[in-house]
Amino acid sequence: MKAPGTLLISAPLLFSAYGVIRLFGLADGHYGPGVDWQAAHIVGLVGIVLFIPAVLGMERMLPQGNWRTGTVIVTLVGLATTIVQFGADIVFALQAENEADMSRLSHDFSAIPGVRLTFYMVGPPLFFLGLIVLSVLLVRAGRLPWWSPVVLAFSTVLPMLTLDLIPLAGLGILASVLPLRSPADECDAMLRAPR
C-alpha cells in the first residue's frame, strides 16, 4: 500500500465526520444521549483508533532514533487517553436518560482523582503535539514538505477555539499528511533519475 495509505486518509476523515454529525445533532437543539450523540462519538472513536496504526506507519518512514521513539510513545499515550474519553462519553450516554444524567455521570467520572488531568486536560493534547512533532521529523527526513507541520499545527488549534471547527481540523490534518511519499515512490524516482 502506498503512503499515505488508507489509514492516514480515513482516520482524519472520520474525525471530520464526527464533527459534522455533532453539528447536525446540535442543529435540532438536542445533542445529548441519543442516536446523534452515539453516532458522532462512535465515528470519532473509530477515527481515533485508526490513528494508532497510522502513527505506527509514520514511525516506519523515519530513521531510528530517540526522537522518533519518544514522539511515537507520546502520541500513542495521547491517543490512549482520547480513546478513554470517547469511550466514557459513549458509556455515559448509554446509561443516561437525559442530558442532566449524562452530565452527572461525566462529572462523577472526572471527579475521580487524576481522571480530569489525565484524560481531559493533559492526555488528549499529547496526541496532537505528537502528530506535529512527527510531521516535523518527517520534514527533516524528506517525506513531507515544510508547510505540513504548519497546516497540522493550525488544524489542531481549531478545536481548542471551538468544537464546531472539528470538521475543518480533520480536513487540515488530512491535507498535512497527504504529501507523504512511500519508499516505493522514492525508488521509482531514483530509477528514473538521469545518471
Quiz item: Given the conditions (1) surrounded by 14 or more Cβ atoms within 10 Å (Cβ to Cβ); (2) under 28 Å from Val133 (Cα atoms), and given that Phe92 satisfies all but one, which numbered condition is not satisfied?
Solution: (2)
Exercise. Name the residue, out of Gln64, Gln38, that is in contact with a helix residue (DSSP H, G or I) (Cβ under 7 Å, 6 or more places away or on another chain) and among the polar types (S, T, N, Q).
Key: Gln38
Exercise. May I ask you to list the residues in the range 144-172 that are over 21 Å from Phe24 (Cβ atoms), assigned to a helix (DSSP H, G or I), modelled with pLDDT of 90 or more and of a type in the set (A, V, I, L, M)?
Key: Val150, Val151, Leu152, Ala153, Val157
Quiz item: Is there any pair linking a residue in the range 127-143 that is in a helix (DSSP H, G or I) to one that is surrounded by 19 or more Cβ atoms within 10 Å (Cβ to Cβ) and among the aromatic types (Phe, Trp, Tyr), with Cβ under 8 Å and at least six apart or on different chains, and which?
Solution: Phe127/Phe51
Practice problem: Look at the range 152-170 and say how many of its residues are surrounded by fewer than 18 Cβ atoms within 10 Å (Cβ to Cβ) and of a type outside the set (Ser, Thr, Tyr). | Solution: 9
Practice problem: Mind listing whichever residues of the range 14-29 are touching a residue at least 60 places away in the same chain (Cβ under 8 Å) and not aliphatic (A, V, I, L, M)? | Solution: Phe15, Ser16, Tyr18, Gly19, Arg22
Exercise. Tell me, yes or no, whether the range 58-81 has at least one residue that is more than 20 Å from Val177 (Cβ to Cβ), polar (S, T, N, Q) and in a loop (DSSP other than H, G, I, E, B).
Key: yes
Self-check item: Test result for Gly87, within 23 Å of Leu168 (Cβ to Cβ) and either buried (at least 16 other Cβ atoms within 10 Å of the Cβ) or within 21 Å of the chain's Cα centre (by Cα) (or both)
Solution: no
Exercise. State whether the residues of the range 93-101 include one that is at pLDDT below 95 and within 15 Å of the chain's Cα centre (by Cα).
Key: no
Quiz prompt | Leading residue by the ranking (surrounded by the fewest Cβ atoms within 10 Å (Cβ to Cβ)) among those in the range 1-42 that are aromatic (Phe, Trp, Tyr) and either assigned to a loop (DSSP other than H, G, I, E, B) or within 15 Å of the chain's Cα centre (by Cα) (or both) | solution = Tyr31
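The values are calculated or read from the model by the stated rules, or taken from the named source; none is laboratory data. Because the structure is a prediction, the values reported are computed rather than measured. Every residue, glycine as well, gets a Cβ built from its backbone with ideal geometry; the counts of neighbours run over all protein chains shown.
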